[in-house]
Amino acid sequence: MLQKDIIKKIENYLNKEKEFVNLDFSKLSLFTPKNIAHGDFSTNFALIIASELKINPNELANKITSTLLKRKDKFFDKIEVAKPGFINFTISKEVYQNLLKRINQLGNKFGSSKKNKKRVLIEFVSANPTGFLHVGHLRNAAVGDSISRILSFSGYEVTNEYYLNDYGGQIKLLGESLQSRVYKILGVDKEMPEGGYQGEYLVDLAKILTTKKEKRFLLKSEIKYFSSVATDYFTKEIKKDLEPLNISFDSWFSEKKDIHESRYLDKVKRLLDSKNGIYFQDNAEWIKTSEFGDDKDWVIKKSDGNSTYFMNDIAYHQNKFEREFDLIVNVWGADHHSHISRLKASMNLLSNQTEKLLFVLIQFVRLVRDNKDVSMSKRSGTYTTIKDLLKEFDSDLVRFLMISRSSDTHFDFDFDKCKSNSEENPVFYIQYANARINSILKKSPLDKWNFKNVLLLNEDKEINLIKRLLNFTEIVSESAENLAPHKIAFYLQELASEFHAYYKSTKVLVEDDKILNGRLILLSSIKIVLINGLNLLGVSSPDKM
RNA sequence: GCGCCUGUAGCUCAGUUGGAUUAGAGUGCCAGAUUACGGAUCUGGAGGUCGAGGGUUCGAAUCCUUCCAGGCGCGCCA
C-alpha cells in the first residue's frame, strides 16, 4: 500500500516541472532493496529512461532527485541518488508507525483487495473416482485450494471445481471388477477382468454391498449398476478424504451427466465441425490441432465409435468457456503437460480466448522413509493414501509442506524428518509465534488502547517489523499473480523468525503503560498477519498449543 | 529422437520476473545465551566457480545459445 502512495507522490512532484512532464511514468516502479543501507524503496526509473533517451543516467537521476527534494514533505525522510542511477527513498518512521493503526482496523481484511468483479474457475484434484485419494493427489489438492484462497482474498470471485471422471472404459472396468468381487462373495464364479482393479478396497465395498442388497438382485444387475455404485462410493470417500484437510468444492462436474447424458458432447462436436476442424481418416475422426499451434493432430472419435478422453476434455473446456469466467485455472499433474498444447490448440480452433486459460503444473512428490523411496511401492502394500498419511501427521503440517516449495520443483516428503515434534516442522514455528503473542495479549493489564502510542516504537527492530508487516500486501498480490502459494509460506517463516527474535530481545509487558501499549499494538498487528497468512494456506492458527 | 520441468551451501529449498562491493533461509556441524511476557526460543561461526562453456548490456542465478545430469511425457488409455 505504501508503494502506490510513493509513486503517486513522485508523479505529482515531477509533473509540476516542465522538463519532466513528458516522462513515461508507466515505467516508474519501485522495489525494496536487499541492502538496508539503500533505503526502504528504490527505483531504476532514471536508468530505464536514460537508456532510452541515450543520456547519462546518473545525471538524470540527480536532476530528478533535486526536484523531488525541493518539494518533499514529511513523508520522506531521505531521497538519495546512487550509482549508476538508482534513486533511493527512505520513508519517515512516523509513516510506518501510524500504519499499524490501519492494520488493526483492517484486521482479517489486511492484505486483501477489494472485489474486482472478475470470476475465476479453478479446477483441481479431479482424481478418478476409482479409489481413495493418495499422496500423489495431495500436493495438487493443497496447491489448488491455496491458490483459490489467495485469489479470493485478492478480490476475485472464485469457483472451485472438481471434474469427475465417471464415464468411459475405466469406469466400466471398475464396475466389472466390483461385480467379480461381489460374485465371489456370493459363491458364484466370475473372473476378474483383464487389467481390473485388484485393490483390497473393492473387496471391502463388495462386502458392504452384499450385506445391503439381496443376492438375487445383485446377480441380475448389469455392469452399469456396479459402475455407478462404485463411482458414487468413491466420490463420497474422496469428499471425506478432503474434509480433514479443509478442502471443499463448489462444483462437481460430472462427465457422465454434464457431458454425455446431456448430449453436450454432440453440441461441441457440431461446433468443431462448423469450424471445419474435423476430418476422417483410418476409420476415426481427427481434430486439426496442428493448424492451431500443436505439433500434430489427434483422434477425437475412435473407430469403435467412442469419443476419446481428449474429446471429452475439449467439451469440458468449451463448457468452462461458455460459463464466461475471466480466468480459468487448471491445476494439473506434471504428467499431463503434453495435454496443454493440444488443448490450447483445440480451444484456439473454437476461437476462444486462450489467454484466459492458465495452467499450474504440479511436479511429483517423492515419499521418503528411512532414506528409501516409498512413493511407488503400491505392490508392497506401503501405498500411501491420504487417510494413512493423516494418521501420522496433522493436516496443518501436511498442507504447509505441500505448498512450501514452488510447484514446478520435485519435492521429497521425508517421513522421518517431518515427525510432529521435530525441528523440521516449520508450521509449529509459525503457529508458536501466534500462540506466544496471544498469551502476552491475554496477560496485558491494559483495557484500553491509544494508537498514538505507536510513536514510541522507535527501535530498529520495531520499525523493521512494521516494514515486514506492510510487505504482506505485496506478497499476497505476487503469489496471486504467479499462482504461487509458496511465497506466502516463506514470508510467514521470515515474519515468525523476526518476531521470535524481537520477543527475545525486548520485553513487551513493561511498567510504562504507553510503551506497553505501543508494543501490544505491534504484536496484535503481527498476529493479524500471521493468521491471515496461515488462512491462505488452509492452516489453522491456534491461540494455545 | 522430440517436448516440458529441474540443476544454487553437506542436505531440503528461496531468490522480488534483469538490479547495487559480501548470492539468502532452514536443517546439519561448531561455539554460546534464560532471576522477563511459553527454551518447541534466541545469538554468533564455518560452509558456494549459482551444473559447464559461450553470448546479449551500464548490470546476469535470472534473458539467448550449445553441452552435461536427473525427472516426466510423447496411444484410436483415462
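Would you mind checking the pairs A:LYS184/A:LYS302; A:LYS269/A:LYS296; A:LYS8/A:LYS356 and listing those with alpha carbons more than 26 angstrom apart? Walk me through the intermediate numbers first.
Values: A:LYS184/A:LYS302 34 Å; A:LYS269/A:LYS296 19 Å; A:LYS8/A:LYS356 31 Å.
Pairs exceeding 26 Å: A:LYS184/A:LYS302; A:LYS8/A:LYS356.
Could you state the principal axis extents of the C-alpha atoms in segment A:461-522, from the largest down, to the nearest angstrom?
Extents along the principal axes, in whole Å: 46, 18, 13.
For chain A, which whole-number percentage of the solvent-accessible area (1.4 Å probe, protein heavy atoms only) is attributable to carbon and sulfur atoms? Can you show the working numbers first?
On the way: 13270 of 27480 Å².
About 48 percent, which is the carbon plus sulfur part of the accessible surface.
How big is the dipole moment of segment A:112-184 about its Cα centre under a simple scheme where the beta carbon of each Lys and Arg is +1, that of each Asp and Glu is -1, and everything else is neutral? Debye, nearest 20, please. Please list the in-between numbers first.
Numbers: 10 positive and 6 negative charges, 54 e Å.
Approximately 260 debye in magnitude.
State, to one decimal in nm, how far the label point of A:LYS224 lies from the label point of A:GLN281, with both points 7 Å from Cα in the Cβ direction.
3.5
To the nearest µm²/s, what D does Stokes-Einstein give for segment A:168-285 at 4 °C and 1.567 mPa s, using the Kirkwood radius over alpha carbon pairs as Rh? Each step should come with its number before you reach the end.
Working: Rh = 16.9 Å.
Answer, rounded: 77 µm²/s.
Suppose every K and R has +1 on its Cβ and every D and E has -1 on its Cβ; what is the size of the dipole of chain A about the Cα centre, in Debye to the nearest 20? Don't skip to the answer; put the middle values down first.
On the way: 82 positive and 73 negative charges, 288 e Å.
I would put it at about 1380 debye.
Taking amide hydrogens as modeled 1.01 Å from N in the peptide plane, which residues meet the under 5 Å criterion relative to A:PHE86, leaving out close sequence neighbours?
Amide H neighbours of A:PHE86: none.
Using the Cα atoms of chain A, I'd like the radius of gyration and the largest Cα-Cα distance, Dmax, both in angstrom.
Cα-based Rg and Dmax for chain A come out at 29.1, 95 Å.
Extension gain A:LYS172-A:GLU243, at 0.36 nm per residue separation less the Cα-Cα distance, in nm? Walk me through the numbers before you get to the answer.
Details: separation 71, 0.36 × 71 = 25.56 nm, distance 2.79 nm.
Here the segment from A:LYS172 to A:GLU243 would lengthen by 22.8 nm.
Please identify every one of the GluC sites (Glu not before Pro) in segment A:274-364 that sits in a loop by DSSP and has no more than 16 other beta carbons within 10 Å of its own beta carbon.
Numbers: sites: A:GLU285, A:GLU291, A:GLU322, A:GLU324, A:GLU355; in loops: A:GLU324.
Hits after loop and neighbour filter: A:GLU324.
Cross-link partners among lysines for A:LYS18, C-alpha distance below 16 Å, same-chain residues fewer than 8 apart left out?
By straight Cα distance, A:LYS18 reaches A:LYS63, A:LYS70.
Computed on alpha carbon atoms, what radius of gyration and Dmax characterise segment A:238-337, expressed in Å?
16.0, 50
Roughly how tilted is helix A:486-505, in degrees to the nearest 10 and between 0 and 90, from the longest Cα axis of chain A?
Result, in degrees: 40.
Take every Cα-Cα pair in segment A:16-86 and report what % of them are more than 21 Å apart. Don't jump to the answer; show the numbers that get you there.
Working: 551 of 2485 pairs.
I get 22 percent for the Cα pairs in segment A:16-86 exceeding 21 Å.
Per residue, how large is the accessible surface of chain A? Use a 1.4 angstrom probe and give square angstrom. Walk me through the numbers on the way to the answer.
Working: 27480 Å² over 545 residues.
Normalised by residue count, the accessible surface of chain A is 50 Å².
Find, among the trypsin sites (Lys or Arg not before Pro) in segment A:272-304, those assigned to loop by DSSP (not H, G, I, E, B) with at most 14 other beta-carbon atoms within 10 angstrom.
Numbers: sites: A:LYS275, A:LYS288, A:LYS296, A:LYS301, A:LYS302; in loops: A:LYS275, A:LYS288, A:LYS296, A:LYS302.
Sparse-neighbourhood loop trypsin sites (Lys or Arg not before Pro): A:LYS275, A:LYS296, A:LYS302.
For A:ASP273 and A:LYS212, FRET efficiency with R0 = 51 Å and r from the beta-carbon atoms, rounded to 0.05? All intermediate terms of the calculation are to be shown ahead of the outcome.
Numbers: r = 46 Å, r/R0 = 0.90.
After rounding, the FRET efficiency stands at 0.65.
Given chain A, what percent of its DSSP beta bridges are antiparallel, to the nearest 5? Could the numbers behind the result be given before it?
On the way: 22 of 45 bridges.
Just about 50 percent of them are antiparallel.
The values are calculated or read from the model by the stated rules, or taken from the named source; none is laboratory data. Given the structure is predicted, the values throughout are model-derived calculations rather than measurements. Don't worry about glycine lacking a Cβ; one is built from the backbone with ideal geometry, like all the others, and counts go over all protein chains shown. To get the accessible areas, we keep the full protein, side chains included, count just its heavy atoms, and leave off ligands, DNA and RNA. Shrake-Rupley method; radii C 1.70, N 1.55, O 1.52, S 1.80 Å.
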